[in-house]
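One structure is given here, and the rest of the page talks about it.
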Amino acid sequence: MLAEIVARLKDESSADSETSSKPPSSDTQATRQSRAERRAAARAARKTGRAQGKQPGAPGAHLSRRDPDEVVPHPPTCCGACGADLGDAEVVGEVRRQVIDIPEVRVRVREHVAQRRRCCCGHETTGTFPPEARAPVCWGPEVRALAVYLMDRQHLPLARTAELLGELLDAPVSTGWLCAVQAEAAGKLTPFINELKSQLAGEAVVHADETGTHVKLTKRWVHTLSTRLLTLLVVHPQRGLEALTDIGVLTDYTGTIVHDGWGPYDKLAGATHAQCGVHLIRHLKDVGRTAEFAQWCAEMIEVLLAVKAASESAAADGRGAVAPATAQALRDRYQRVLDDAFALLPTGPKPRLRSAGGWSHAQRKAWNLATRLRTLDDQVLRTLENTAVPLDNNTAERSLRMVKLHDKISGLFRSDSGAKDFATIRSYIQTAGLNGVNRLEVLHQLFTTGPWIPPATRAP
């Protein structure tokens, strides 16, 4: 029993981001160095003799010319040869250069005057102020939009956002006001969130994932439901089915959910499911660290990559599924590798308890993974029958990446309401960015005419 505990602890301590769900930031310097050396060797092996940098004949990248707001002539004053005055000389040519810059940031104060007028009947009526004039003195929608952009897109901490705005506006900005603006923005996004959930519920394929964060010292979970053009982020105290039910999008969903195999997703019986192949490849690399299982794990990784290539090739040709003969050959190869895996394991059922003996820690891991691959083979190979379903769950993982970045830069959330406001605003600006819409512009629109709504008609 002690040997089993030691083996398990050694295995856990040696795991890294390539063999587990640990983030790359947790890798040791030795692991990073080893990985860099392997990648350098791989690059050297496929080196084609091409020099680094721009290749001859390739189009260059540069700033494009724009319609100028101002044209400043620079005539020569005297001849470069004889020194004669050129004030009245003929212009025979021009050379133009554009300098693209932003104007000096200066606060513009607009004072609104609501006049009170007396009618001939004697009644006095006062004019109405526009929505942005909410107090005797207040910041306008441009400042509010910029504040939210800095906090929720660029992840500046409250104190640094207040400092930056204070220097730009030449007036103090409090962190309390910033929190209030963030809450205001999230409150205005209710129509957007309702429409976003409605559109996600009608999508044929939705990517789902979750990651942990903290509100003070309390663990919270950030859930995402994403597509290529839509992103929903929701903060919830729970990770499992209760959270998915409260979010509501997947309750009656009948499309395909791409996920990492987390058990509660499988309880959504009305949907079709697809497993993330990248997660499976990490598990295969982990199990493959044991010499006796290295071969079948390497072969299964090759099968999964072949499945991915076949699906992407079929999708590029405009086909909704991989050709039947090709798909069947890949399924047969998949099952043969699993047969090899089970042949390396002890016969009979796996002991239910770790302390029961008869199985090593490495054998238990290999059995768990091989059983998962066989039991859920339809989910793993879903992309063969539907090329709109990728083998990876990168869409959802990219949606969550900024949450982890926010934790690193801005620190932990101070309240549940602040965490939920952040998730709501991130849903808005991430979806706008995916649709090619300027994020600052949609934030300005939020504080003036109302939230931007993603178009209902999208490319598949």
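For A456, work out the one condition from (1) surrounded by fewer than 22 Cβ atoms within 10 Å (Cβ to Cβ); (2) in contact with an Asp or Glu (Cβ under 7 Å, 6 or more places away or on another chain); (3) of a type in the set (A, V, I, L, M, F, W, C) it doesn't fulfil.
Just one mismatch for A456, condition (2).
Scan the range 412-428 and give yes if some residue there is closer than 26 Å to V205 by Cα, modelled with pLDDT under 95 and not in a loop (DSSP other than H, G, I, E, B), otherwise no. Talk me through it step by step, then tell me what you get.
If we filter the range 412-428 for residues that are closer than 26 Å to V205 by Cα, which is where we start, we get 420, 422-428.
Going one step further and asking which of them are modelled with pLDDT under 95, we end up with none.
Looking through the range 412-428, none of the residues is closer than 26 Å to V205 by Cα, modelled with pLDDT under 95 and not in a loop (DSSP other than H, G, I, E, B).
Go over the candidates L330, L369 one by one and state the one that is of a type outside the set (D, E), closer than 20 Å to L305 by Cβ, part of a helix (DSSP H, G or I) and touching a residue at least 60 places away in the same chain (Cβ under 8 Å). Walk me through it before giving the result.
Values: L330 fails: touching a residue at least 60 places away in the same chain (Cβ under 8 Å).
Every option except L369 fails the conditions.
Name the pairs whose Cβ atoms lie under 7 Å apart, with the first residue in the range 62-90 and in contact (Cβ under 8 Å) with a residue 24 or more places away in the chain, the second in a loop (DSSP other than H, G, I, E, B) and among the polar types (S, T, N, Q), and 6 or more positions between them or separate chains?
Pairs that qualify, where the first residue is in contact (Cβ under 8 Å) with a residue 24 or more places away in the chain and the partner is in a loop (DSSP other than H, G, I, E, B) and among the polar types (S, T, N, Q), are R65/Q98; R66/Q98; P68/Q98.
Scan the range 160-176 and report the pairs whose first residue is in contact (Cβ under 8 Å) with a residue 60 or more places away in the chain and whose second residue is loosely packed, with under 11 Cβ neighbours inside 10 Å and in a loop (DSSP other than H, G, I, E, B), with Cβ atoms within less than 7 Å and a gap of 6+ or a chain change.
Note: pairs meeting the criteria are L168/V105.
Are any of the residues in the range 106-127 in contact (Cβ under 8 Å) with a residue 60 or more places away in the chain, closer than 25 Å to T424 by Cβ, surrounded by 11 or more Cβ atoms within 10 Å (Cβ to Cβ) and touching an Asp or Glu at 6+ places or on another chain (Cβ under 7 Å)? It would help to see each step written out before you state the result.
Of all residues in the range 106-127, those in contact (Cβ under 8 Å) with a residue 60 or more places away in the chain come to 107.
From the residues that got through so far, the ones that are closer than 25 Å to T424 by Cβ too are none.
The answer is no, given that none of the residues of the range 106-127 is in contact (Cβ under 8 Å) with a residue 60 or more places away in the chain, closer than 25 Å to T424 by Cβ, surrounded by 11 or more Cβ atoms within 10 Å (Cβ to Cβ) and touching an Asp or Glu at 6+ places or on another chain (Cβ under 7 Å).
Please pick out the residue among T431, T424, T448 that is within 30 Å of A321 (Cα to Cα) and either in contact (Cβ under 8 Å) with a residue 40 or more places away in the chain or under 14 Å from the mean Cα position of the chain (by Cα) (or both).
Working: T424 fails: within 30 Å of A321 (Cα to Cα); T448 fails: within 30 Å of A321 (Cα to Cα).
After ruling out the rest, the residue left standing is T431.
Would you please name the residue that is surrounded by the fewest Cβ atoms within 10 Å (Cβ to Cβ), looking only at residues in the range 148-182 that are aliphatic (A, V, I, L, M) and closer than 15 Å to H444 by Cα? Can you show your working first?
Within the range 148-182, the subset aliphatic (A, V, I, L, M) is 148, 150-151, 156, 158-159, 162, 164-165, 168-169, 171, 173, 178, 180-181.
Keeping just the survivors that are closer than 15 Å to H444 by Cα gives 148, 150-151, 181.
Values: V148: 27, L150: 19, M151: 25, V181: 22.
If we take residues in the range 148-182 being aliphatic (A, V, I, L, M) and closer than 15 Å to H444 by Cα, then L150 is surrounded by the fewest Cβ atoms within 10 Å (Cβ to Cβ).
Scan the helices (runs of 4 or more DSSP H) fully inside the range 255-326 and keep the ones with 1 or more residues being more than 20 Å from N393 (Cβ to Cβ) and of a type in the set (S, T, Y).
On the way: elements: 263-266, 277-287, 294-316.
Because the criterion is at least 1 residues that are more than 20 Å from N393 (Cβ to Cβ) and of a type in the set (S, T, Y), the helices (runs of 4 or more DSSP H) in the range 255-326 that meet it are 294-316.
Restricting attention to the range 324-336, and to residues there that are under 32 Å from the mean Cα position of the chain (by Cα) and not basic (K, R), which single residue is nearest to W296 (Cα to Cα)?
Applying the first criterion (under 32 Å from the mean Cα position of the chain (by Cα)) to the range 324-336 yields 327, 330-331, 334.
Subsequent filtering for residues that are not basic (K, R) retains 327, 330, 334.
Working: A327: 20, L330: 15, Y334: 10 Å.
Applying the filter and picking the extreme gives Y334.
Considering every residue within the range 134-145, establish whether at least one is aliphatic (A, V, I, L, M), touching a helix residue (DSSP H, G or I) at 6+ places or on another chain (Cβ under 8 Å) and closer than 22 Å to L412 by Cα.
Looking through the range 134-145, none of the residues is aliphatic (A, V, I, L, M), touching a helix residue (DSSP H, G or I) at 6+ places or on another chain (Cβ under 8 Å) and closer than 22 Å to L412 by Cα.
Every residue, every condition in (1) at pLDDT 95 or above; (2) assigned to a helix (DSSP H, G or I); (3) surrounded by fewer than 18 Cβ atoms within 10 Å (Cβ to Cβ); (4) not β-branched (V, I, T), yes or no:
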residue: T347; (1), (2), (3), (4): no, no, yes, no
residue: R352; (1), (2), (3), (4): no, no, yes, yes
residue: R374; (1), (2), (3), (4): yes, yes, yes, yes
residue: L384; (1), (2), (3), (4): yes, yes, no, yes
residue: V403; (1), (2), (3), (4): no, yes, no, no
residue: K408; (1), (2), (3), (4): no, yes, yes, yes
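Could you tell me which of the residues G212, G270, G240, G261 is in contact (Cβ under 8 Å) with a residue 40 or more places away in the chain and not polar (S, T, N, Q)? It would help to see each step written out before you state the result.
Working: G212 fails: in contact (Cβ under 8 Å) with a residue 40 or more places away in the chain; G270 fails: in contact (Cβ under 8 Å) with a residue 40 or more places away in the chain; G240 fails: in contact (Cβ under 8 Å) with a residue 40 or more places away in the chain.
Checking each option against the conditions leaves just G261.
The values are calculated or read from the model by the stated rules, or taken from the named source; none is laboratory data. Please read these numbers as outputs of a predicted model, since none were measured by experiment. Please note: Cβ atoms are built from the backbone with ideal geometry, for glycine as well, and neighbour counts cover all protein chains shown.
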